[in-house]
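Engineer: A single structure is presented below for examination.
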Amino acid sequence: MKRDHWRVLIMAGGSGTRFWPKSRRACPKQLLPIIGRNSMIRQTYFRLKGLVPASQVFVISGKDHVSLIRRQIPDLSAAQVIGEPAARNTAPCVALAAFMMRQSDPNALMFVLPADHIIRDRRQFQRSMHLAAQAANRHGALVTFGILPTFPSTGYGYLELGEGKGPYHRVRRFVEKPTLGTAQQYLRRGNFLWNSGMFVWKVSTILESLQRYMPATYRLLAQLDWAHPRIARQQLTRVYPRLEAASIDYGIMEKADNIYAVRATFDWSDVGTWDAVSPFLSRKEVGNASRGKLIAVDSSGLIVDAPGKLVAAVGVENLIIIDTRDALLVCEKSQAQKVKQVVDRLKSEKLSRYL
């Protein structure tokens, strides 16, 4: 398939609550420079240079973030940045993009990329994209990218590989986040990959799968007047909140039988919590990672993000310290997943100025 038919969806609708206090409602994680100078969504967009032109890239985000995304990626037109009328998880997001892309090109091949992953090897990333496009075309498959595990992670879902040769294989099943013992078994067996949450498929293939496995969502979106984009967007305001809130993994991938996985050859991190940031920060202080000036005395295993401020740590270990204008987070590294609970408390106590 010629690259004229390639389309890219960048999913940018996440709330980034595990990255509080940097990530807020007005500017969530994917719109921030969590690692490096550019925001995570800008890094995702720049990664596509040479793969597809700007005119073939689309972003779906929360409706309140559309103008900010367009400022960060001015190459995209208003029609290419779509604000969701409500947060409904990734399956409705993918479905919406698929209907839009089919209207302009029924033969489109669709790449689905989260806005907040870190991938530094653009050449190998694009090589894997080509391989996935080949699998999606040749086998009429729903293709995902599997990451070779480097440790027995309990924070990622896994793909169990079936038969196949070369760079891609059939997927036997999707596995939810395992216990540590199970993850250790997966690592030893060697036919399990981390589920990256990135996908490639023909638009026709994903819409057929949507019609089969999420018929109510398919039916509601199919009723919109896609031949007239402005009218369809107006109708979407009424229809979208009624769609089933489900992830693409749960709604489609765990049920479908035509799944293939490409073994990714690029470096990858979904940077899901603050503790995952450590490898990407400065290590001027041995055993610690920081952005900003850090003086550590008898302290190790620290992650510090406090640009413009001196942080002095004495006799502490394995802490995350994140400083902003109006809030300070101090968290034990092993508890990084629980930062979301801080946001839940802020909501319940109506402390909205910190959200």
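The values are calculated or read from the model by the stated rules, or taken from the named source; none is laboratory data. This one's a predicted model, so the numbers in the text were calculated from it and none came from an experiment. Cβ sites come from the backbone with ideal geometry, for glycine too, and all protein chains shown count toward neighbours. Calculation scope for accessible area: heavy atoms of the full protein, side chains included, ligands and nucleic acids excluded. Shrake-Rupley method; radii C 1.70, N 1.55, O 1.52, S 1.80 Å.
Engineer: Check the range 73-81 and report whether any residue there is among the hydrophobic types (A, V, I, L, M, F, W, C), modelled with pLDDT of 95 or more and either in contact with a Pro (Cβ under 8 Å, 6 or more places away or on another chain) or over 30 Å from A222 (Cβ atoms) (or both).
Structural biologist: So far as the range 73-81 goes, no, none of its residues is among the hydrophobic types (A, V, I, L, M, F, W, C), modelled with pLDDT of 95 or more and either in contact with a Pro (Cβ under 8 Å, 6 or more places away or on another chain) or over 30 Å from A222 (Cβ atoms) (or both).
Engineer: Additional query: Quick check on this structure: which one of L224, L193, L210 is surrounded by 19 or more Cβ atoms within 10 Å (Cβ to Cβ), in contact (Cβ under 8 Å) with a residue 24 or more places away in the chain, part of a loop (DSSP other than H, G, I, E, B) and not aromatic (F, W, Y)? I'd like the intermediate steps shown before the answer.
Structural biologist: Working: L193 fails: part of a loop (DSSP other than H, G, I, E, B); L210 fails: part of a loop (DSSP other than H, G, I, E, B).
Being surrounded by 19 or more Cβ atoms within 10 Å (Cβ to Cβ), in contact (Cβ under 8 Å) with a residue 24 or more places away in the chain, part of a loop (DSSP other than H, G, I, E, B) and not aromatic (F, W, Y) holds for just one of L224, L193, L210, which is L224.
Engineer: Every residue in the range 6-16 that is out of contact with any Cys (no Cβ under 8 Å at 6 or more places or on another chain) and modelled with pLDDT under 95, please.
Structural biologist: Once the filter is applied, which keeps residues that are out of contact with any Cys (no Cβ under 8 Å at 6 or more places or on another chain) and modelled with pLDDT under 95, the range 6-16 yields G14, S15, G16.
Engineer: Still on this structure, I have one more. Looking at (1) under 21 Å from E244 (Cα atoms); (2) modelled with pLDDT of 90 or more, which one does Y158 not meet, given that it meets all the others?
Structural biologist: (1)
Engineer: Let me ask another. If you take the residues of the range 158-167 that are open to solvent by 20 Å² or more (accessible area, probe 1.4 Å) and touching a helix residue (DSSP H, G or I) at 6+ places or on another chain (Cβ under 9 Å), which of them is nearest to I252 (Cα to Cα)?
Structural biologist: Of all residues in the range 158-167, those open to solvent by 20 Å² or more (accessible area, probe 1.4 Å) come to 163-167.
With touching a helix residue (DSSP H, G or I) at 6+ places or on another chain (Cβ under 9 Å) added as a condition, the list becomes 166-167.
Working: G166: 25, P167: 23 Å.
Looking at residues that are open to solvent by 20 Å² or more (accessible area, probe 1.4 Å) and touching a helix residue (DSSP H, G or I) at 6+ places or on another chain (Cβ under 9 Å), I get P167.
Engineer: Let me ask another. Quick one: in the range 292-327, of everything that is touching a helix residue (DSSP H, G or I) at 6+ places or on another chain (Cβ under 7 Å) and under 20 Å from R37 (Cα atoms), which residue is modelled with the lowest pLDDT?
Structural biologist: I303
Engineer: Right, here's the next one. Can you find even one residue in the range 260-271 that is modelled with pLDDT of 90 or more and loosely packed, with under 14 Cβ neighbours inside 10 Å?
Structural biologist: Among the residues of the range 260-271, at least one is modelled with pLDDT of 90 or more and loosely packed, with under 14 Cβ neighbours inside 10 Å, which makes the answer yes.
Engineer: With the requirement that a residue be of a type in the set (A, V, I, L, M) and touching a residue at least 60 places away in the same chain (Cβ under 8 Å), what does the range 309-345 give you?
Structural biologist: Within the range 309-345, I322, A327, L328, L329, A336, V339, V342, V343 qualify.
Engineer: Among the numbered conditions (1) assigned to a strand (DSSP E or B); (2) open to solvent by 50 Å² or more (accessible area, probe 1.4 Å), tell me where R188 comes up short.
Structural biologist: With (1) assigned to a strand (DSSP E or B); (2) open to solvent by 50 Å² or more (accessible area, probe 1.4 Å) applied to R188, the lone miss is (1).
Engineer: Which residue out of L68, L113 is within 27 Å of H130 (Cα to Cα) and in contact (Cβ under 8 Å) with a residue 12 or more places away in the chain?
Structural biologist: Working: L68 fails: within 27 Å of H130 (Cα to Cα).
It is L113.
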